[in-house]
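In what follows, a structure is listed as structure tokens, so that the remarks can point back to it.
No lab work stands behind these numbers, since they all come straight from the coordinates. As the structure is a computational prediction, the values presented were derived from the model and not from experiment. Cβ placement follows ideal geometry from the backbone for every residue including glycine, while neighbour counts extend to all protein chains displayed.
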Amino acid sequence: MRILLLGSGGREHAFAWKISQSPLCDELFIAPGNAGTSQHGRNVKLNPNDFKEIGSYCLFRKIEMVVVGPEDPLVRGIVDHFKNNANLQHIKVVGPSQEGAKLEGSKAYGKVFMAAQNIPTAAYKEFTPESLQEGLDYISMQTPPIVLKADGLAAGKGVVISPSIEEAKEELQQMLSGKFGAASEKVVIEQFLSGIEFSVFVLTDGKDYKVLPIAKDYKKIGEADTGLNTGGMGAISPPPFVDDEMMQKVDERIIQPTMIEIQSRGIDYKGFIFIGLISVDNEPYVIEYNCRMGDPETEVVLPRLKNDLVELLDSLFNGKLDDISIQLEPQTTATVMLVSGGYPEKYEKGKVMTGIESVENSIVFHAGTKNSEGNLVTNGGRVMALTSFGDDFKTAVAQSLENAEKVNFEGKYFRKDIGFDL
Ligand code: AMP
Ligand code: GLY
């Protein structure tokens, strides 16, 4: 099979690494990819959001399957674009339709979707500029902290947790007057849930589903989960506190009703559902849905998956998903992300990277890297994920940290405490 993978992060390097191991993959193209993905296929300078260009390239290269890494093309309707174009209909695009991608693209949609099946999640109300005063009154009645969420995609910055009623009111006013552009024309205000978070990944053809390895990511830039939110500084799979009993609750109360609601809405969904969960006194609640795999969770999930990924993805289109049993590596995986100094605020790119060849017993997943004039250089905030196996998460994290010291570039920063709260 000839496969095109869209995206350029650590998640996509992990996908490229796994896809290229499959005997079913004849040729892999990655658009636009990074220096790491080019070890497994051919990088192509294409914008994943330019569907016309992607479509033409698929025809030119006789692509049979497109795997969509990031949420943006899905929320913009890449699956529908291929389906509605007679020349492209035969190509299998892994990801939900635009309607399905609303689970991530609109927080309010996700809330209404969950309410329809009584899926446990934080109580909420939604507000628009017209209902600003009601929103302010609503905030006055809450007990802080107060969670405000821009309805649409806001590059991971759309969730604000206000420590006081006054700050929450100020935030609501700012959001509704365009702080996040169109994304915050609607705002969801919800109850603050206190507990420990984890992520569940489901692969579905819209009818059947398989649960992939669970993971926990670390989003804050600073140790002990302090400071600004990032795209993710590290991850562990599986988080030891998630036992079979918890997963049974997640399956019965969350995954199964999610599948029922997808079907009752007639949503075409052939792809990943990433369910962000929080365990409150051992009861699971949904924090959010995403319509794709997580980053850096993919860098710990795929190494634990023994199945042929291409066979799994292909089964979404031939009705065979139910026949496949998921085979997992029992060891724990951990990943530690190396980032550019200054990230997630201002940082410099183009720093020469050295020492990668001395990494031992970790898998190197490139994120923001590129090859330039014979050098490997940094090309983003999150630069490289180092994934290791261990008998427990501590051993796996220690292995990644040992290698994190060996990779060098000016301004390198990484968290040394991944798993500190487990
Ligand atoms: P999201 O962008 O939806 O992933 O939210 C970002 C982060 O905000 C989540 O990972 C949680 O840590 C936090 N968060 C979101 N919703 C809530 C909530 N209702 N209660 C507590 N924390 C939340
Ligand atoms: N690691 C969180 C995300 O991918 O959204």
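Going by amide H atoms built from the backbone, whose H comes under 5 Å of the H on Met384, apart from near neighbours?
Placed amide hydrogens put Leu338, Ala367, Gly368 under 5 Å from Met384.
Given +1 on the Cβ of Lys and Arg, -1 on the Cβ of Asp and Glu, and no further charges, what dipole in debye does the chain carry about its Cα centre, rounded to the nearest 20?
Here the chain has a charge dipole of around 1200 debye.
For Lys349, give me every one of the lysines with a C-alpha distance below 17 angstrom, ignoring sequence neighbours fewer than eight places off in its own chain.
Lys370, Lys412
What number of lysine-lysine pairs in segment 12-103 show an alpha-carbon separation below 25 angstrom, given a sequence spacing of 8 or more or placement on distinct chains?
For segment 12-103, the number of qualifying lysine pairs is 15.
Roughly what would the spin-label model give for Gln89 and Phe192, points 7 Å off Cα along C-beta, in nm?
Distance between label points: 5.3 nm.
Using θ = phi - 60° and the Karplus form 6.51 cos²θ - 1.76 cosθ + 1.60, what ³J(HN,Hα) does each residue of segment 385-390 get, whole Hz, x for Gly and Pro?
Those phi angles translate into 10, 10, 10, 10, 9, x Hz.
Can you compute 3J(HN,Hα) from phi for each residue in segment 224-232, using the Karplus curve 6.51 cos²θ - 1.76 cosθ + 1.60 with θ = phi - 60°, rounded to whole Hz and x for Gly and Pro?
6, 6, 10, x, 6, 6, 10, x, x
What is segment 179-283 by shape, rounded, prolate or oblate, if you read a ≥ b ≥ c off the alpha carbon gyration tensor as root eigenvalues and call it rounded for a/c under 1.5, prolate for a/b larger than b/c, and oblate otherwise?
Note, shape of segment 179-283 comes out oblate.
Label points 7 Å out from Cα along the Cβ direction at Asn47 and Ala398: separation in nm?
4.9
Please list, short to long, the whole-number percent of alpha-carbon pairs of segment 264-417 in consecutive 5 angstrom bins beginning at zero.
P(r) over segment 264-417, rounded to whole percents: 2, 8, 13, 15, 17, 15, 13, 9, 5, 2, 0.
Restricting to the chain, compute how many DSSP beta bridges are antiparallel as a %, nearest 5.
80
Summing +1 for each Lys or Arg and -1 for each Asp or Glu, what net charge is found among the other residues whose Cβ lies under 14 Å from the Cβ of Val301?
Neighbourhood net charge equals +1.
If you wrap the chain's Cα atoms in a convex hull and average its projection over all directions, what's the area in nm²?
19.8
Which FRET efficiency value, to the nearest 0.05, do you get for Gln174 and Leu422 by plugging their Cβ-Cβ distance into 1/(1 + (r/R0)^6) with R0 = 30 Å?
Here the calculated transfer efficiency is 0.25.
Lysine pairs in segment 158-284 8 or more apart or on different chains: how many have alpha carbons under 27 angstrom apart?
For segment 158-284, the number of qualifying lysine pairs is 18.
Applying 1/(1 + (r/R0)^6) with R0 = 45 Å to the Cβ-Cβ distance of Arg2 and Gln142, what FRET efficiency is obtained, to the nearest 0.05?
Efficiency at R0 = 45 Å is approximately 0.25.
If all Cα-Cα distances of segment 354-401 are sorted into 5 Å bins from 0 onward, what percent lands in each bin, rounded to whole numbers?
Result returned by the calculation: 5, 20, 24, 22, 15, 8, 4, 1, 0.
Using 0.36 nm per residue, how much length does the chain from Ile260 to Lys207 gain when fully extended, once their Cα-Cα distance is taken away?
18.2 nm
Would you mind computing, in nm to one decimal, how far apart the modelled labels at Ile324 and Asn371 are, each placed 7 Å from Cα along Cα→Cβ?
About 3.0 nm separates the two model spin labels.
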